[in-house]
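Worksheet: the structure to be examined is printed underneath.
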Amino acid sequence: MPIANAFLSAEQLSEPEYTFNLKAGFCESCFMAQLIDTVDPNMLFHDNYAYFSSISHVMDQHFADLANTISNKIFYDETLSVIEIGSNDGILLEKISGYSSNTIGIEPSTNVAAVARSKGLDVISEFFNEDLAGKLFAEYSPAQLVVGANVLCHIPDLNELARALNIVLEDQGVFIFEDPYLLDIMSKLAYDQIYDEHFYYFSITSLSNLFERHGLRLFRIEQIPVHGGSMRIYGCKSESSRSVEASVVNQLQTESDYGLSNLESYVAFADSVKKSRSSLVDLLGNLQNEGKRIVGYAASSKGTVILNYCGVGADMLEYVCDNTPSKQGLFTPGTHIPIVSIDAFAADYPDYAFVLAWNHMKEISEKEKEFHSKGGRFITHIPEACII
Ligand code: SAM
Ligand code: TMP
């Protein structure tokens, strides 16, 4: 599997492409689901990181709600000191700054961090780790809040992360993380969440085990719909006065009932994923045999997994269109399909658009009503391939 976000220029197409063995495993001791072989984070998060958080209006609204929740339901304090890990282009940090005068973002990908700085935000371009936590503790006041969206699962050494949290957090401080949720991945067959950047696929069971080993604990969880099904976790130091809420206890029971602590559940998931792949290959093959024009919609990281795992290449998809300007003109990793603008899609509608970012399906279908009204149809692939 190539790196999911390593889109290629025309010149790079003739060069050897980095690939690794994409395999997910499950630990029967601590119940963590995770990658077996991993890619060095320096190869993933750098000066040319492809994902700009602000491309999605839905995510923008989602983070406005999170900032509001933080301000009104967790803290009531304008002097709140906040560290955001993985602040990207500042989509959340900017909103939190509206409520708190003391915020700092940690963002190792320098290109997206530069966008956040251009909005006047304070960002350190380094990986959040124990070393940086020591420096932050020495230079700033302890954090009342550490927050991170879609970043915890991007950090390969979670034991170090927990130690770093302990360093920067005030004794009564809170951490909030949101990441794709394992139960959603399993129940929706969302295997395309499994790729290089996602070192882990969290359950509340596995996260509770992790944090307990480090004197931390969860006190509240909320299921949220973004990115195809995520979990927002609220945690604190073990000795904090915050009491554990029913949401945590109930979700641990739900996970146990589903079988998330049993290897057999993961083996069954793998079998279903193979069937899902067959349904997609059959559907696209049949449409191609009928002479239909098919394109991809959204050059997402998940798309790289789908296309490479299912063997869908430039012979099947004419192009992939995407609204991120920096991806246009490049080619999809591994499968080398040209990426074009949404304008190019609108200029000459194909018969079918295979949506490679099913998590953004609602937003995309609302934008593309004209495509649909002119007879175009979307294809989606999980749990089974279908035309909508
Ligand atoms: N928080 C944003 C959001 O939810 O849209 C960005 C999510 S993006 C998938 C993950 C971000 O985390 C990237 O911008 C990446 O550079 C950053 N990142 C990865 N490892 C990190 C680390 N150890 N410390 C801080 N940020 C990290
Ligand atoms: P991701 O799944 O890796 O987050 O990438 C999502 C991709 O989807 C990103 O490259 C932008 C693209 N996209 C569109 O092209 N149109 C849209 O309306 C949305 C929401 C996303």
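What tally of residues in the range 288-312 results from selecting those that are open to solvent by 10 Å² or more (accessible area, probe 1.4 Å), on the phi < 0 side of the Ramachandran plot and not hydroxyl-bearing (Ser, Thr, Tyr)?
Qualifying residue count, the range 288-312: 8.
Any residue at all in the range 317-330 that's in a helix (DSSP H, G or I) and over 23 Å from His198 (Cα atoms)?
Looking for residues that are in a helix (DSSP H, G or I) and over 23 Å from His198 (Cα atoms), one finds at least one in the range 317-330, hence yes.
From the residues in the range 123-163 that are in contact with a Ser or Thr (Cβ under 7 Å, 6 or more places away or on another chain) and either without any contact (Cβ under 8 Å) to a residue 24 or more places away in the chain or closer than 22 Å to Cys30 by Cα (or both), which one is nearest to ligand 2 (Cβ to nearest atom)?
Pro156
Within the set of pairs 6+ apart or on separate chains, which have a first residue in the range 31-43 that is farther than 13 Å from Tyr200 by Cβ, a second that is open to solvent by less than 50 Å² (accessible area, probe 1.4 Å), and C-beta atoms under 6 Å apart?
Asp37/Phe20; Val39/Phe20; Val39/Asp196
Looking only at the range 220-246, count every residue that is buried (at least 17 other Cβ atoms within 10 Å of the Cβ) and without any contact (Cβ under 8 Å) to a residue 40 or more places away in the chain and tell me the total.
Residues flagged as buried (at least 17 other Cβ atoms within 10 Å of the Cβ) and without any contact (Cβ under 8 Å) to a residue 40 or more places away in the chain within the range 220-246 amount to 2.
Need at least 2 residues that are in contact with a helix residue (DSSP H, G or I) (Cβ under 7 Å, 6 or more places away or on another chain) and within 16 Å of ligand 2 (Cβ to nearest atom) per element, so show me which helices (runs of 4 or more DSSP H) inside the range 23-104 make the cut, counting only ones lying wholly within it.
In the range 23-104, 57-69 are the helices (runs of 4 or more DSSP H) which contain 2 or more residues that are in contact with a helix residue (DSSP H, G or I) (Cβ under 7 Å, 6 or more places away or on another chain) and within 16 Å of ligand 2 (Cβ to nearest atom).
Show the residue pairs that are 6+ apart or on different chains and have beta-carbon atoms under 7 Å apart, the first residue being within the range 272-286 and closer than 9 Å to Pro383 by Cα, the second being part of a helix (DSSP H, G or I).
Val273/Tyr191
Which numbered condition in (1) among the hydrophobic types (A, V, I, L, M, F, W, C); (2) within 16 Å of ligand 1 (Cβ to nearest atom); (3) within 30 Å of Ala298 (Cβ to Cβ) is the only one that Leu169 fails?
Single failed check for Leu169: (3).
Among the candidates Leu260, Leu252, Leu280, Leu284, single out the residue that is surrounded by 20 or more Cβ atoms within 10 Å (Cβ to Cβ) and closer than 16 Å to Ser206 by Cβ.
Result of the check over Leu260, Leu252, Leu280, Leu284: Leu260.
Any chance the range 57-65 includes a residue that's touching a Leu at 6+ places or on another chain (Cβ under 8 Å) and away from ligand 1 (no atom under 12 Å from the Cβ)?
Taking every residue of the range 57-65 in turn, none turns out to be touching a Leu at 6+ places or on another chain (Cβ under 8 Å) and away from ligand 1 (no atom under 12 Å from the Cβ).
For the range 151-175, which positions are out of contact with any strand residue (DSSP E or B) (no Cβ under 7 Å at 6 or more places or on another chain) and more than 16 Å from Leu218 (Cα to Cα)?
Correct list: His154, Ile155, Pro156, Asp157, Glu160, Ala164, Ile167.
Considering only residues that are of a type outside the set (S, T, N, Q) and either away from ligand 2 (no atom under 16 Å from the Cβ) or over 24 Å from Ile224 (Cβ atoms) (or both), which ones fall in the range 108-122?
Scanning the range 108-122 gives Pro108, Ala113, Ala114, Val115, Ala116, Arg117, Lys119, Gly120, Leu121, Asp122.
Looking at (1) open to solvent by 10 Å² or more (accessible area, probe 1.4 Å); (2) in a loop (DSSP other than H, G, I, E, B), which is the only condition Asn209 fails?
(2)
Take the conditions within 12 Å of ligand 1 (Cβ to nearest atom) and more than 16 Å from the chain's Cα centre (by Cα) and apply them to Asp157. Does it pass?
Yes, satisfied.
Report whether or not Ala10 is open to solvent by 20 Å² or more (accessible area, probe 1.4 Å), within 16 Å of ligand 2 (Cβ to nearest atom) and not assigned by TED's automatic domain parsing to the domain that holds Gly148.
Taking the combined requirement at face value, the residue does not satisfy it.
The values are calculated or read from the model by the stated rules, or taken from the named source; none is laboratory data. Please read all numbers here as calculations on a predicted model, not as lab measurements. Note that we place each Cβ from the backbone using ideal geometry, even for glycine, and neighbour counts take in every protein chain shown. Protein only, heavy atoms only, side chains kept; ligands, DNA and RNA dropped before computing areas. Shrake-Rupley method; radii C 1.70, N 1.55, O 1.52, S 1.80 Å.
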